[in-house]
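K.L.:
Have a look at this one.
The values are calculated or read from the model by the stated rules, or taken from the named source; none is laboratory data. The structure presented is a predicted model; accordingly, all values stated were derived computationally and were not measured. Here Cβ is always computed from backbone atoms with ideal geometry, including for glycine, and neighbour counts include all displayed protein chains.
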Amino acid sequence: MKAHSVLRHTAVVGAFTTLSRALGFVREILMAVYFGTSLAKSAFDVAFRFPNLFRRLFGEGALSAAFVPVFSAALHRDGPEAANRLAGRIMTMLAASLLLVTAGGIAGISLVLHTWTLGERAAAVLPLLRIMLPYLFFICMVALCMGILNSYHHFAVPAVTPVMLNVVWIAVLVLACRRSAGTPLERVHALAWGILLAGMLQLLMQIPALLRFGFRPRFALDWNDPGVRRVLTLMGPAALGMGLTQVNVVIDGVLALAVGRWAPAALTYAERLIYFPLGIFATALSTVLLPTFARQAACNRGRDVVATLNDALCNLLLVMTPAAVGLFVLARPSVDLVFAWRGGLFDALSALRTTRAVLFYAPGLLLFSVYKVFVPAFYAMQDTRTPVRVGMRMVALNLVLNVVFLLTWPAEWKHAGLALATVIASGVNSLVLALILQRRIGRPDWRRIGGVALRVGLAAAVMGGAVTVLHAHLNAFAAARQMAPKAAELLAVAGSVLSGAVLYGALVLVLCRHELRRVVRFRG
């Protein structure tokens, strides 16, 4: 990427990711309208977590972390033809493994459904899981294709691919669920089939871009290829580490379902509010950082890795700190604005339960973002074992905290305890990785990063206080003019957010002028 800055590619990925997140918001609004925090919604959320688990095991997480550095090195060293041959062998291995997992999973679920007498909640989850399990095959193959394209520094098609899932999801909700007279559980089955269709379409979207780069699938099982062995060697620890993290996510969903029929749905709605700003910048930055770090590591440019890491952390602080503060102070208004619509099933109790989860997730917005910067640095150095060793301990910490909070917190707050456990474990995980990385590549400029954190924290705190006061005044203004409820909510939230952004921007211009100039020059 000699001619392009990391920030420019981040902007491209972020733009498409923003579109996907915006459509995701529309999708979740419709889910709230048609399903609320019902058992059908919770069952769907829990079932959908399982394909996502395998997506992280064999797809965009572990495989990309192992594949992108090796594929990038092959491109740099051997040229596109040899690199494409390696990719074809990896694709064959992945497809065979996923088909076995999918067939075994469907057979196992069918056996359980036909031989066991299940409780209401399990009986709601398993049929949905059986329908959506093949989605893991398509989305993992998509993730491999995205890794190939990202290695060629083509980020647009991979970034726009998730849009297809949301488009199909919304279409099914509008065309099938809205017009169906069935029960929520019956309607949600149509949505599960829609997810499977979306996976097929997402895979088809990758093909034209791959063909433009000369990639032609050549399916061959060659376990003796050095590149394949290297990917497998790296992928094993990464799959274990990321798999453990995602297993914990699945366990969180199951534990939430044990808390109440409504709890997984409330957590999912809260996660959607969190992942909107997270996806716009942090996930986009992480996507671009992996090949950037990989190129710098392959060229033995250790100082450049540290410099890129410094810039990335400062950029995250500038962007994500005000997002976390704003989401915290506007938690309930945001929940009401997005999910609570007249005539929908998302009622005041659903809003209250979702807000409680948002309050505990909001501080994690910054911590989740920092984690997405440190991990690619390890993967770029082809070290997938260290994040695994740290991740195993953090999963254990998360589970312990889950149990403690479930046993000690009031019933209506237990699901919020699950959110807090995730935030704490993520923060500790990032801190440990930072300390290890410091010993490996040198000390980051902690004085600079700490100074930015203090100044940004001060600006965000002032912004948060101003937004709280302004929101109350805008609510009073709307009430005095007897505005429609949704229009009043939009005025209060949008006015508060825009005013807060302007205030924060002005404060940052004063407090972080030098850092803003470095953001503009942020290059890989």
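K.L.:
Can you name the residue in the stretch 1-59 that is of a type in the set (Ser, Thr, Tyr) and part of a loop (DSSP other than H, G, I, E, B) and, of all such residues, is modelled with the lowest pLDDT?
P.N.:
Step by step, filter the stretch 1-59, then rank; the result is Ser5.
K.L.:
Would you point out which residue out of Val335, Val325 is buried (at least 24 other Cβ atoms within 10 Å of the Cβ) and either at pLDDT below 85 or more than 27 Å from Leu516 (Cβ to Cβ) (or both)?
P.N.:
On the way: Val325 fails: either at pLDDT below 85 or more than 27 Å from Leu516 (Cβ to Cβ) (or both).
One residue alone meets the criteria, Val335.
K.L.:
Can I ask one more? I'd like the full set of residues that are at pLDDT 90 or above and either crowded, with 21+ Cβ neighbours inside 10 Å or aromatic (Phe, Trp, Tyr) (or both), limited to the stretch 143-188.
P.N.:
Residues satisfying the conditions are Met164, Leu165, Val168, Trp169, Val172, Leu173, Val188.
K.L.:
Follow-up. Does Arg218 qualify as being part of a helix (DSSP H, G or I), modelled with pLDDT under 80, within 30 Å of Ala66 (Cβ to Cβ) and of a type outside the set (Ser, Thr, Tyr)?
P.N.:
Details: part of a helix (DSSP H, G or I): no; modelled with pLDDT under 80: yes; within 30 Å of Ala66 (Cβ to Cβ): yes; of a type outside the set (Ser, Thr, Tyr): yes.
Spelling it out, it is not the case that Arg218 is part of a helix (DSSP H, G or I), modelled with pLDDT under 80, within 30 Å of Ala66 (Cβ to Cβ) and of a type outside the set (Ser, Thr, Tyr).
K.L.:
Please enumerate the residues belonging to the stretch 133-142 that are assigned to a helix (DSSP H, G or I) and surrounded by 22 or more Cβ atoms within 10 Å (Cβ to Cβ).
P.N.:
Applying the first criterion (assigned to a helix (DSSP H, G or I)) to the stretch 133-142 yields 135-142.
Across the stretch 133-142, the qualifying residues are Tyr135, Leu136, Phe137, Phe138, Ile139, Cys140, Val142.
K.L.:
Now for a separate question. Test of understanding: among Val375, Val395, Val390, which residue is β-branched (Val, Ile, Thr), crowded, with 17+ Cβ neighbours inside 10 Å, touching a Ser or Thr at 6+ places or on another chain (Cβ under 7 Å) and part of a helix (DSSP H, G or I)?
P.N.:
Going through Val375, Val395, Val390 in turn, the sole match is Val395.
K.L.:
Restrict the check to the stretch 445-453 and report whether at least one residue is of a type in the set (A, V, I, L, M, F, W, C), within 29 Å of the chain's Cα centre (by Cα) and not in a helix (DSSP H, G or I).
P.N.:
There is no residue in the stretch 445-453 that is of a type in the set (A, V, I, L, M, F, W, C), within 29 Å of the chain's Cα centre (by Cα) and not in a helix (DSSP H, G or I).
K.L.:
Give just the number: which of (1) modelled with pLDDT of 70 or more; (2) more than 30 Å from Val428 (Cα to Cα) does Gly260 not satisfy?
P.N.:
(2)
K.L.:
Quick one: count up the residues across the stretch 375-432 that are more than 30 Å from Pro69 (Cβ to Cβ) and among the β-branched types (Val, Ile, Thr). First the steps, then the outcome.
P.N.:
As a first pass, look at the stretch 375-432 and keep what is more than 30 Å from Pro69 (Cβ to Cβ): 399-421, 424.
Pick out the ones that are also among the β-branched types (Val, Ile, Thr) and you get 400, 403-404, 408, 424.
Here the count works out to 5.
K.L.:
Considering Gln246, Gln206, which residue is modelled with pLDDT under 85, within 26 Å of the chain's Cα centre (by Cα) and in a helix (DSSP H, G or I)?
P.N.:
Criteria check complete, one pass: Gln246.
K.L.:
Still on this structure: Among the candidates Gly464, Gly442, which residue alone is at negative phi and either crowded, with 18+ Cβ neighbours inside 10 Å or not basic (Lys, Arg) (or both)?
P.N.:
That would be Gly464, the only listed residue that is at negative phi and either crowded, with 18+ Cβ neighbours inside 10 Å or not basic (Lys, Arg) (or both).
K.L.:
Sort out which residues of the stretch 188-209 are within 17 Å of Met91 (Cα to Cα) and of a type in the set (Gly, Ala, Ser), and write them in order of number.
P.N.:
Hits for the stretch 188-209 are Gly199, Ala209.
K.L.:
Right, next: Which residue, of Leu99, Leu111, is within 26 Å of the chain's Cα centre (by Cα) and modelled with pLDDT of 90 or more?
P.N.:
Being within 26 Å of the chain's Cα centre (by Cα) and modelled with pLDDT of 90 or more holds for just one of Leu99, Leu111, which is Leu99.
K.L.:
Okay, next question. Would you confirm whether any residue within the stretch 496-510 is of a type in the set (A, V, I, L, M), surrounded by 15 or more Cβ atoms within 10 Å (Cβ to Cβ), touching a residue at least 24 places away in the same chain (Cβ under 8 Å) and closer than 21 Å to Thr354 by Cα?
P.N.:
Checking the stretch 496-510: at least one residue is of a type in the set (A, V, I, L, M), surrounded by 15 or more Cβ atoms within 10 Å (Cβ to Cβ), touching a residue at least 24 places away in the same chain (Cβ under 8 Å) and closer than 21 Å to Thr354 by Cα.
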